[in-house]
Ligand SMILES: Cc1cc2nc3c(=O)[nH]c(=O)nc-3n(C[C@H](O)[C@H](O)[C@H](O)COP(=O)(O)OP(=O)(O)OC[C@H]3O[C@@H](n4cnc5c(N)ncnc54)[C@H](O)[C@@H]3O)c2cc1C
């Protein structure tokens, strides 16, 4: 008889793990706190507009190909590459910088600011490329069983990269570039990791390689929620049942073994194997009541910034916006140094804007745009009061209107705000942290909450706060690593996917 798996949470990590387990013959059942699947990869439909509520692009697009190949299913997603990769607006400069993968074209953007840019960026990326490929299979796509196995993994990484552990990303950029704008633009990726370029190790310049050279940034035809829809359709066709509005609140133990979970209505859920897609640290504290993950201990860990998101439906089209745009001020260091820990809303906020109606016109009524604004803000440990949400949204919208020369306020048809409290309450994100646990060297790989439970041999974890970390492609890798744990075979090192085997051949 086939084994039964219960997956707690229908985020990308839960959905992808469910699909992989069905490929191994498991019967899968899923429970989800929210009213529809996707977790942070969710959707909001309102006033004739459709919004992706969280992710709007991703790198390492081949990880989606790998997932479907692993499960022997044709890839149902149509991806499109972003070109330009993104645009960056600085305060006091009307024209945005357009960031291209074509380095000659990119050099044109900085010709007045950074002499010999093309050669400099090639040198910078070549070093970042070697870090990426020397760690991908040795550290990132690997399960570790304790500190010794992690230490051995680290020892397999060429020693030449060790200086990059002791320099910051900003220092690495200063060694390569003189222009403040170039340094700021290339350092933005540090914020995805839950830190600033001033305290992120230089090894993470590998993220610049992923965006500018390796695979670029991608989006999905039909909107990002197509990913969730496609996976849900495939799972339903494979007989997977999903129960929404069902939050797991307690574990049941019998004779020292995990015997099931209880939801908020007192219903008991049982299976042979359990996978939690809930935050791997928070779940251990809140549901399993582990002292090592008490609120006090969790608060002492490092978390990524919380999202403050605005979903605007506006009348009119805005020519100067691209799929993926950053709006920055001109006090970068000061902003970066205070943004994580301040208890007040930023007066001159830095924010990210995505207009998916540019590439998916069906997301907005004719002649309109759907605008997603994400302003990273301190999490609820530092700023618990969000009664100023409307004010902060007004401030961002006024700033953006002035910078793009389009009165967003006057043309607004639909407006919705999710502040960090909303993000916490919708998806159980710890203190509203948007990307989960940060990725400092003390919280990655063998030092991140493991994907195999410490006490129960039938409980596993998948998603942003377990290994390897956050972001859509990384969560797909997480689903592969946890499947490897569950089925007991080394699926990552010996992929069934020809795509990965081919890529592996390129890597070494
Ligand atoms: C605003 C925002 C923008 C982002 N943009 C990008 C981007 O552009 N590109 C990118 O690659 N990444 C982006 N990310 C990160 C990305 O969304 C996440 O890394 C990824 O979606 C995490 O997936 P997951 O499966 O780990 O967790 P989640 O998506 O959080 O899924 C976990 C699920 O478990 C459910 N759950 C939790 N606890 C319980 C419980 N006790 N019982 C039942 N159900 C439970 C939750 O409701 C949720 O549905 C963004 C994140 C945010 C917040």
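The values are calculated or read from the model by the stated rules, or taken from the named source; none is laboratory data. Just so you know, these numbers come straight off a predicted model, no measurement behind them. Note that each Cβ is placed from the backbone with ideal geometry, even for glycine, and that neighbours are counted across all protein chains shown.
Pairs under 8 Å by beta carbon, first residue over 14 Å from residue 186 (Cβ atoms) in segment 97-114, partner assigned to a strand (DSSP E or B), six or more apart or different chains?
Listed pairs, sorted by first residue: 98/87.
For segment 347-385, what are the residues that are part of a loop (DSSP other than H, G, I, E, B), within 15 Å of the ligand (Cβ to nearest atom) and free of Cβ contacts under 8 Å to residues at least 40 places away in the same chain?
Residues satisfying the conditions are 350, 355.
Which residues, counting only those in segment 407-455, are within 16 Å of the ligand (Cβ to nearest atom), touching a strand residue (DSSP E or B) at 6+ places or on another chain (Cβ under 7 Å) and closer than 18 Å to residue 251 by Cα?
Answer for segment 407-455, where residues must be within 16 Å of the ligand (Cβ to nearest atom), touching a strand residue (DSSP E or B) at 6+ places or on another chain (Cβ under 7 Å) and closer than 18 Å to residue 251 by Cα: 451, 453.
Run residue 488 past the list (1) closer than 16 Å to residue 142 by Cβ; (2) at pLDDT 95 or above and report the number of the one that doesn't hold.
(2)
Scanning for something at pLDDT 95 or above, more than 20 Å from residue 99 (Cβ to Cβ) and not assigned by TED's automatic domain parsing to the domain that holds residue 462, does segment 174-188 turn up at least one residue?
Yes.
If you go through segment 321-339 one residue at a time, do you hit one that is out of contact with any helix residue (DSSP H, G or I) (no Cβ under 8 Å at 6 or more places or on another chain) and within 14 Å of the ligand (Cβ to nearest atom)?
yes
Which condition does residue 440 not pass, out of (1) over 30 Å from residue 259 (Cα atoms); (2) within 16 Å of the chain's Cα centre (by Cα); (3) crowded, with 19+ Cβ neighbours inside 10 Å, if it passes all the others?
The number of the failed condition is (3).
Considering only segment 238-259, state which residues are within 15 Å of the ligand (Cβ to nearest atom) and without any contact (Cβ under 8 Å) to a residue 24 or more places away in the chain.
Across segment 238-259, the qualifying residue is only 252.
With 408, 429 as the choices, which residue is within 29 Å of residue 468 (Cβ to Cβ) and modelled with pLDDT of 95 or more?
After ruling out the rest, the residue left standing is 429.
When the residues of segment 298-307 are narrowed to those that are more than 11 Å from the ligand (Cβ to nearest atom) and in a loop (DSSP other than H, G, I, E, B), which ends up nearest to residue 374 (Cα to Cα)?
302
Any idea how many residues of segment 271-297 are part of a helix (DSSP H, G or I) and touching a helix residue (DSSP H, G or I) at 6+ places or on another chain (Cβ under 6 Å)?
Adding up the residues that qualify gives 5.
Taking into account only those residues within segment 456-472 that are in contact with a strand residue (DSSP E or B) (Cβ under 6 Å, 6 or more places away or on another chain) and more than 15 Å from the ligand (Cβ to nearest atom), which is farthest from residue 270 (Cα to Cα)?
Among those residues, the one meeting the criterion is 456.
Out of all the residues in segment 220-227, is one or more under 24 Å from residue 305 (Cα atoms), away from the ligand (no atom under 16 Å from the Cβ) and buried (at least 17 other Cβ atoms within 10 Å of the Cβ)?
no
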